[in-house]
1. Out of all the residues in segment 208-221, which are modelled with pLDDT under 95 and surrounded by 15 or more Cβ atoms within 10 Å (Cβ to Cβ)?
2. Would you pick out the residues in segment 176-202 that are crowded, with 18+ Cβ neighbours inside 10 Å and part of a strand (DSSP E or B)?
3. Quick one: F151 ticks every box in (1) at pLDDT 95 or above; (2) crowded, with 16+ Cβ neighbours inside 10 Å; (3) in a helix (DSSP H, G or I) except a single one, so which number is it?
4. Condition first: at negative phi, free of Cβ contacts under 8 Å to residues at least 24 places away in the same chain, surrounded by 13 or more Cβ atoms within 10 Å (Cβ to Cβ) and not basic (K, R). Can you find one or more residues in segment 161-175 that meet it?
5. Look at R219 and say whether it is among the basic types (K, R) and touching a strand residue (DSSP E or B) at 6+ places or on another chain (Cβ under 7 Å).
6. For I243, state whether it is in a helix (DSSP H, G or I), β-branched (V, I, T), within 15 Å of the chain's Cα centre (by Cα) and within 22 Å of V109 (Cα to Cα).
7. I'd like the residue in segment 36-77 that is modelled with pLDDT under 95, β-branched (V, I, T) and crowded, with 17+ Cβ neighbours inside 10 Å and, out of all such residues, is nearest to V140 (Cα to Cα).
8. Yes or no: S205 surrounded by 13 or more Cβ atoms within 10 Å (Cβ to Cβ), in a helix (DSSP H, G or I) and modelled with pLDDT under 95?
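The values are calculated or read from the model by the stated rules, or taken from the named source; none is laboratory data. Computed from a predicted model, the values in this text were never measured in an experiment. We place every Cβ from the backbone using ideal geometry, glycine too, and count neighbours over all the protein chains shown.
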Amino acid sequence: MEGADIAFVHLGIAIKHLRNEINIFGFPIAYYGMIIGLGMLVGIWVAQEDAKVREQDPELYLDFALYAIIFAIIGARIYYVVFQWDNYKDNLLQIFNLRAGGLAIYGGVIGAVLTLIVYARIHKQSFLSMADTGVMGLVVGQIIGRWGNFFNCEAFGGYTDSLFAMRIKLFLVNENMLTADILNHRIVRNGVEYIQVHPTFLYESVWNLGLFLFMIWYRQNKKFNGAMMCVYLFGYGLGRFWIEGLRADQLIFFNTGIPVSQALSLVLILVSVLIWIIERQKMKKRRRRRGYVSCKGRFDERH
């Protein structure tokens, strides 16, 4: 454990030298970008497989993904910049410097949803039906993509000495992600400073894995279009609300002191419950209407 760049001290897991990029012909390629790209590709594949199960056209989702990825990245960047405006207002060109980091997953989700609304309307598809398949791929992309934060030594929580405590060499971490509490609990070994924090990226990845497994089980029992979307919004919102409370690098809703991702998580939970109630009521009305027509037909035959 001693001297490792990063270690899960109570689990006996350590990485002596953590690399965050590879060089190909002298051009550096960050593991973060590679992992995000892998998450997108696997997510698209999962969505297409789900489409096959539902007897839909898989190519429809590939076509949608080409647009969604672009606008999801734009949305993720806009979301981050808006709530970190003080870091960009004096140097606007840095807004376009994605290599320096700064993508927020919720902004990406918002961008993808808006893209799907437009795409479904143009192609005369059901938004809720496509969303049910889309979220299957989305949650898988999030499971994989969170590991990009591991290689960047980011998206961690406050100080902890719990079972999953993660110890990182201080010089590997962006100073903007450090809080007074984390620094007050610095650990020094052989002249090297370390921080010890919650691996919230890991918590979210594992939570999303559990959510995905539940979604695979539940999709066999879904009763209406939009049900899978509601399960995702509720499940992800619930997990993110808890995990965001542990994060050390929270985006704050302007000067309110309210973590914006926690507030949005509550909104997603409420929206999912509202859509669920509305669609369930619609489903019951359709059943009653079909039952009425069926009974009326039998009555007419007897008379």
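1. R219
2. Within segment 176-202, Y194, I195, Q196, V197 meet the criteria.
3. Answer for F151: the failing condition is (1).
4. Yes.
5. Numbers: among the basic types (K, R): yes; touching a strand residue (DSSP E or B) at 6+ places or on another chain (Cβ under 7 Å): no.
So R219 does not fit the description; no.
6. Considered against the rule, which asks whether it is in a helix (DSSP H, G or I), β-branched (V, I, T), within 15 Å of the chain's Cα centre (by Cα) and within 22 Å of V109 (Cα to Cα), I243 comes out as yes.
7. I36
8. No.
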